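Asker: A single structure is presented below for examination.
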Amino acid sequence: MASAPSPEVLRAPLVVEFPFTRSLGPVQSAFLTGLRERTVLGVKTQDGRTLVPPVEYDPVTADEIRDLVEVAATGTVTTWAWNHEPRRGQPLDTPFAWVLVKLDGADTALLHALDAPGPDAVSSGMRVRIRWAEERAGAITDIACFEAYDEEGGGGEVRSHDGEFSEPVTGIVAPARLDYTYSPGGAQTRYINALSGQKIVGERCPSCHKVYVPPRGACPTCGVATTDAVEVGPRGTVTTYCIVNIKAKNLDIEVPYVYAHIALDGADLALHARIAGIPYDQVRMGLRVEPVWADDARFPDHYRPTGEPDADYDTYKEMV
Ligand SMILES: [Zn+2]
């Protein structure tokens, strides 16, 4: 059966979000704890340069570096870019400049935000100073932003610092978040639309005749578009499986449960789904299963045994 042209390709918002926890070595710990105490620390390299923000290893020699020095809270903008539309989580919620600031005493520049009324008020070479956050916890956001400062540089003096603070910050949790508008493309749009009619539709490669479910729009082996829609299943065979013992945060499924690869009848690629309706320790390769549709009937919630005899290994061995 030929695939009908899809009226509209699906699109939906997709957010990938997770906290990233990292421990700090002695240098980053001193740097972030210093910010909490309104002190900016850098490191001194073997060739006498001062790096702010500090790094743990010399970028020239790769040697470990631990010589901490304190630099000023004032500096000079080396380059900048205007941010017309601040996004969620950025340092300021009004338009601002991203700036690289070489703090007095440092030889490298630090990236941060500059609070300014407009791009006309920003220039390379302008003098700026740190505006400290009122509440500081040992993070780069302890520097709320930079602001214009109309005095000349203080000569770039640096002082040695032992990096010792009471209650040092030893780790940070950095939330990572990616906002997408996701489009699954024409092939998966057709697949998803068919699912809402409780049909599972793959696509056949015109060259090797394999049927891909879910379809990706092209055959990865032959490199040609898959053009023929083919209804498969709904029954299928478990080709391999695993027992899940770790409860996922946002899933209301009791552990242990079984997640399996299922070769639907007529498909040449296994898809994966949860198996239920059978004790987890009785699931096996070759088990015949069928979909149980979700309450809104738009996708299979899980698969359950059909009661048929197990499939012969030879019938699915190519898909294990
Ligand atoms: Zn092919």
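The values are calculated or read from the model by the stated rules, or taken from the named source; none is laboratory data. Fair warning: this is a prediction, and the values are worked out from it, not measured in the lab. Backbone-built Cβ (ideal geometry, glycine too); neighbour counts: all protein chains shown. Side chains included, ligands, DNA and RNA excluded: accessible areas come from the protein's heavy atoms. Shrake-Rupley method; radii C 1.70, N 1.55, O 1.52, S 1.80 Å.
Asker: Say we join alpha carbon atoms closer than 10 Å with springs in a Gaussian network model of the chain; which of Asn193, Asn250, Asn83 then has the biggest fluctuation?
Answerer: Sorting by GNM fluctuation, first place goes to Asn250.
Asker: Ignoring ligands and nucleic acids, what accessible area does Lys317 show with a 1.4 Å probe (Å², nearest 10)?
Answerer: Result for Lys317: roughly 90 Å² accessible.
Asker: Per-residue accessible area for Ser23 at 1.4 Å probe radius, Å² rounded to 10?
Answerer: About 90 Å², ignoring ligands and nucleic acids.
Asker: Sorting Phe165, Phe299 by accessible area (1.4 Å probe), largest first, what list results?
Answerer: Correct descending sequence by accessible area is Phe299, Phe165.
Asker: Now a separate question. Against the longest principal axis of the chain, how steep is helix 26-36, in degrees 0 to 90 to the nearest 10, with axes from Cα atoms?
Answerer: 70 degrees
Asker: On to the next question. Suppose a student asked you for the relative contact order of segment 274-320, using Cα pairs under 8 Å spaced at least 6 residues apart; what percent would you report?
Answerer: Over segment 274-320, the number comes to 39 percent.
Asker: Further question on the same structure: Can you pull the accessible area of Trp293 for me, 1.4 Å probe, Å² to the nearest 10?
Answerer: Looks like 50 Å² after rounding.
Asker: Once you keep just the Cα pairs under 8 angstrom separated by 6 or more residues, what percentage relative contact order results for the chain?
Answerer: For the chain, the relative contact order is 15 percent.
Asker: In what order, largest first, do Arg216, Arg49, Arg127 sit by accessible area if the probe radius is 1.4 Å?
Answerer: Most to least solvent-accessible, the answer reads Arg216, Arg49, Arg127.
Asker: Also, I was wondering about something else. Taking the Cβ of Tyr241 as the center, what net charge do the other residues with Cβ under 14 Å away carry, scoring Lys and Arg +1 and Asp and Glu -1?
Answerer: +2
Asker: A further question on this structure: Leaving out ligands, DNA and RNA, and with a 1.4 Å probe, what % of the accessible surface on the chain is carbon or sulfur?
Answerer: Looking at the chain in its full context, I get 50 percent from C and S.
Asker: Can you work out the accessible area per residue across segment 25-169, with the rest of the protein chains kept in place, probe 1.4 Å, in square angstrom?
Answerer: Accessible area per residue: 53 Å².
Asker: Still on this structure, please answer the following. Cα axis of helix 185-195 to longest principal axis of the chain: angle in degrees, 0 to 90, nearest 10?
Answerer: 50 degrees
Asker: If you take the Cα atoms of segment 1-158, find Rg, then find the Kirkwood Rh from the mean of 1/r over all pairs, what is Rg/Rh?
Answerer: When Rh is taken as the Kirkwood radius, the ratio is 1.15.
Asker: Moving on to the next point. Counting only C-alpha contacts under 8 Å and six or more residues apart, can you give the relative contact order of segment 233-320 as a whole percent?
Answerer: Once divided by the residue count of segment 233-320, the mean separation gives 30 percent.
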